1. Exactly one of (1) loosely packed, with under 14 Cβ neighbours inside 10 Å; (2) of a type in the set (S, T, Y); (3) touching a residue at least 24 places away in the same chain (Cβ under 8 Å) is unmet by S60. Its number?
2. Residue check, G312 against (1) under 30 Å from C269 (Cα atoms); (2) modelled with pLDDT of 95 or more; (3) outside any helix (DSSP H, G or I), all met but one. Which one?
3. Have a look at G419, G433 and point out the one that is closer than 17 Å to R332 by Cβ and either among the small types (G, A, S) or in the same structural domain as G123 (by TED's automatic domain parsing) (or both).
4. Anything in the stretch 213-223 that is surrounded by fewer than 11 Cβ atoms within 10 Å (Cβ to Cβ) and assigned to a helix (DSSP H, G or I)? List them, or say none.
5. Hey, among the residues in the stretch 100-130 that are of a type in the set (D, E) and touching a residue at least 24 places away in the same chain (Cβ under 8 Å), which one's surrounded by the most Cβ atoms within 10 Å (Cβ to Cβ)?
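The values are calculated or read from the model by the stated rules, or taken from the named source; none is laboratory data. From a predicted model like this one, the values you see are computed outputs, not experimental measurements. Because the Cβ atoms are built from the backbone with ideal geometry, glycine has one as well, and the counts that use them run over all protein chains shown.
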Amino acid sequence: MPSPADLIVTNARVLTMDDDTPRAEALVVSNGEIAFVGAASEAAKWAGPETTIIDARGASVLPGFIESHVHLFMGAAELVHLQLFGVHGFDALSHKLKAYAEQRPNDKVLFGQACDYTVLGGGETLTRHHLDRIIADRPVALVAPDHHTMWANTKALELAGILNGKACNPGNEVVMGTDGLATGELRESEAMTPVVHLAGESRVRLGIQTGGEPDRKPTPQEWEADKAIMCRGLEYAASHGITSFHNMDGNLYQLEILAEIEKEGRLLCRGQVPFHFKKPMTLADLEKASGMARDYCSEWVSSGMVKVFMDGVLDSGTAHMIEPYADMPGWRGEPYFSDAEFADLATEIDGRGLQIAVHAIGDAAVRTVLDGYAAAREANGPRDSRHRIEHIEVTTDADMPRFADLGVIASMQPPHPPGSMGLPLEPTVSKIGRDRWRLAYAWRTIKETGAHVVFASDWPVSPIDPIAGIQAAVLRKRWADDLPDHAFSLHEAIAAYTVEGAYAEFMEHRKGRIKAGYLADIVVLSSDIEAVAPEALHEVRPVTTICGGRITYQA
C-alpha cells in the first residue's frame with residue numbers, strides 16, 4: 001500500500017497535457033508533487049485519515065495556468081482605480097469620473113484605467129480641456145488600455161511640472177499644443193512618470209518606468225503596504241487558476257517582496273521577475289541582472305531574465321514600422337535602441353547566460369530584435385537560450401521563419417487583436433493598413449513554422465483571466481475573408497497557457513503537465529471545458545487552485 005497522500009483529486013476529467021497519458025480520472029499529491037495520475041480506484045488507495053479529497057464532479061482538471069506576460073505589482077495597485085473599459089462618450093466618462101471622485105476624497109491623483117483612445121467618439125481626441133470640464137480642482141489621469149498613453153488634466157500637469165513640456169528620449173513624448181502648453185496627452189513611461197510620482201505610487205511602477213530601486217529605503221509602513229499590494233495581486237491571480245507568472249517589468253525590490261511573502265508562507269503563485277534594462281543604463285549595469293539571477297533561482301521565486309522595450313504601441317503611433325503607418329504618411333515610429341545598440345546589448349546579456357524578453361510590436365522593431373539575437377548567437381555561439389519577443393503585433397513574411405530558426409519564443413496575447421474580447425477595430429486596423437492585415441497578430445503562421453508560441457494576458461493591459469484568453473484564441477475572427485485563420489484549437493490554446501509557458505521558463509521537466517514527479521500545480525474547473533460551446537467558455541470558472549500541493553484558491 002502507498003503511504004497516505006496529502007491530497008487526492010478524483011471523479012475528474014483530467015487533461016494532463018502529457019502525450020504519454022493524455023487523460024485520467026484522478027491524481028494524487030504528496031509533498032508538493034504529483035505522485036500518481038490514473039484511475040480513481042487506484043488513487044483511492046492513497047487516501048488516509050488526513051488526506052484532503054477533492055471531488056471534481058466530472059469537471060475538467062488542468063495543469064495550473066502559467067501567465068507568461070504580466071505586470072503583477074502594477075496590476076494589483078490598479079485594482080482600486082476607476083475602470084473605464086467599455087465607457088464611451090463625454091457624458092458617460094463625466095458621470096463615471098465624478099462618481100469615483102466622490103468615493104475617493106483623499107486620493108492624490110484620480111486614476112482611471114482602460115480609457116479607450118476613441119472614448120469621445122467622432123474622431124475627437126481627448127485633451128486636458130475635456131478633463132478640466134469634468135474635474136478641474138483635483139489631478140486626474142486616465143490611462144489607455146495598453147498603458148502606453150495617459151491623458152491628464154491641467155491640475156495634474158501643473159503639479160507634475162510638465163504643463164510647459166518635458167525633454168524625453170525617443171519614443172516618449174509630452175504632446176504639445178499650438179498654445180505652447182501640453183495638450184494633456186502623455187506618450188510612454190518617461191512622459192507619464194511625473195504624474196505617477198505625484199500620486200505617490202512610484203514604487204509600484206519602478207519596475208516598468210526605471211527598472212531601478214526606491215530612492216530611499218521604504219519605511220516599515222510603506223514596506224507592509226507594498227507587500228499587501230503584491231499579496232492582492234497574488235490572490236487575484238490564484239483566483240483565476242494561475243500557479244506561475246512571468247513578470248514583464250522588474251527590479252530587485254519586487255524580488256525582495258516576493259521572497260519575504262514566501263518566507264511568511266503566503267506565496268500563492270510561483271513568480272519570475274526580470275531585470276529591466278532601460279536607458280540611460282549601460283552594459284555594466286547588467287552585472288546586477290547576473291546577481292539577481294544568482295540570488296533568486298528557486299522553484300518559487302526566480303529571475304534569470306532581462307526585459308527590454310524596443311518600441312511602443314500601434315494606437316499611439318509609437319510602434320516602430322518598416323513602412324509608414326497607413327493613416328500617417330511618412331511616419332514609421334521610432335525605436336528605443338538602434339540596431340547596433342541592441343545587437344551589443346543582446347550579445348552582452350546572452351554572453352552572461354541570461355534569457356532576454358523584448359517588447360516589440362511593429363515589424364521594424366521585431367526585425368531589429370531578431371537581428372540582435374542572431375548577432376548574439378554569432379558572437380557567443382549557439383545555445384538553448386530561449387530568448388523571447390513579446391507581442392509581435394505586425395511582422396513580415398521574411399521574418400516569420402526566423403523565430404524557429406533562431407529558437408526564439410513568440411510570446412503573444414489572445415486578448416490583444418482588435419475585435420477580440422470587446423476591443424474596437426479602430427484605430428488599430430487603419431493604422432496597420434489593409435496590405436499588412438495578413439501579417440498582424442499572426443499566431444498561427446508563426447506556430448506553423450515550428451516556433452514555440454506562448455500565450456498570456458499582459459494584465460493589467462487586458463483581463464488576467466486565462467480562460468477568457470483561451471476563448472479569445474479559439475474564437476479569433478478574421479478581419480476579411482481573404483486573410484489567414486489564426487484561431488487556435490481548444491487544446492492548442494490550453495497548451496499555450498501551460499506546456500509552452502513551462503518551456504518558456506526552462507521548466508518543462510517540472511510543470512505545465514499533470515504527470516508523476518511534476519510540481520503539484522493544478523486547477524480544478526467548474527465544468528467539462530471540452531463539452532462547452534466556444535462562445536460559453538468564459539462561463540467555465542476555476543473552483544480550486546492548487547500550487548505546490550497547497551490549495552491557494554477555493555471558490
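1. Result: S60 passes all but (1).
2. Of the numbered conditions (1) under 30 Å from C269 (Cα atoms); (2) modelled with pLDDT of 95 or more; (3) outside any helix (DSSP H, G or I), the odd one out for G312 is (2).
3. Working: G419 fails: closer than 17 Å to R332 by Cβ.
Step by step, each of G419, G433 is checked, and only G433 is closer than 17 Å to R332 by Cβ and either among the small types (G, A, S) or in the same structural domain as G123 (by TED's automatic domain parsing) (or both).
4. Scanning the stretch 213-223 gives P220, Q221.
5. Taking the stretch 100-130 as the starting set, the residues that turn out to be of a type in the set (D, E) are 102, 107, 116, 124.
If we keep only those that are touching a residue at least 24 places away in the same chain (Cβ under 8 Å) as well, we get 107, 116.
Numbers: D107: 17, D116: 22.
Looking at residues that are of a type in the set (D, E) and touching a residue at least 24 places away in the same chain (Cβ under 8 Å), I get D116.
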